[in-house]
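The values are calculated or read from the model by the stated rules, or taken from the named source; none is laboratory data. Note that the structure is predicted; figures quoted are calculated from it, not measured. For neighbour counting, all protein chains shown are included, and Cβ atoms are generated from backbone atoms with ideal geometry for every residue, glycine included. Remember, those area values only see protein heavy atoms, side chains included, never the ligands or the DNA or RNA. Shrake-Rupley method; radii C 1.70, N 1.55, O 1.52, S 1.80 Å.
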Amino acid sequence: IKYGDDRVEIDIPDGKYLKSAVVYKIFMDSDVFINIPVAKHHNGTIFSGVLKGLMGVSSRDTNRYMHSPDGDYTYDKEEYLAGCIADLNLIRQPDLSVIDADNCALNNGPRGPGDTTQPRRLLAGTDPLAMDVYSASLIGMEPSDILTFQKASEHKLGNSDPASIKVMEIN
């Protein structure tokens, strides 16, 4: 589905950093939302997956603001960006997430080039935070080091405890 040009501004009353966001209208109007990110490193947030992937539905101006309240496109304000990403996920959570963890960047993300690892996994689930926590640990990252996960956990956006995440493998 093409996003089109129609956008709407959505209030985020429980947002701590982001109080509103301009998103594609079709995102709000769709009956089902399936998020299909690639698990990878990101210079501004350490990890990019389901939670960070939601930035794909927001406007360029909203995304620029999420990097810095001054409108600077920077990765220097990691806590602010992580908080905005968690706040953005209050708008709508995916009905299903499918994470591509086949060939994952370990550094220099999101643009690369960089080192990669090949977990050779395709993951599916309904808990966006658990999906990201599991994916990050799968590629050798420490979930407790990722501020986006901490901020998402504060919003109760899912399970952030790696020990309690249930994984079923299908071969």
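Assorted remarks:
- Annotation: amide H-H contacts under 5 Å for V38 (H modelled 1.01 Å from N, sequence separation of 5 or more, or interchain): D100.
- Heavy-atom accessible surface of the chain: percent carbon and sulfur, 1.4 Å: 47 percent
- For the chain, modelled as a GNM whose springs connect Cα atoms under 10 angstrom apart, the maximal fluctuation among S137, S68, S30 occurs at S30.
- The angle between the Cα long axis of helix 78-88 and the main principal axis of the chain comes to about 80°, on a 0 to 90 degree scale.
- Net charge over other residues, Cβ less than 14 angstrom from the Cβ of D145 (K, R count +1; D, E count -1): -3
- Per residue, segment 23-151 exposes an accessible area of 44 Å² to a 1.4 Å probe, with every protein chain left in place.
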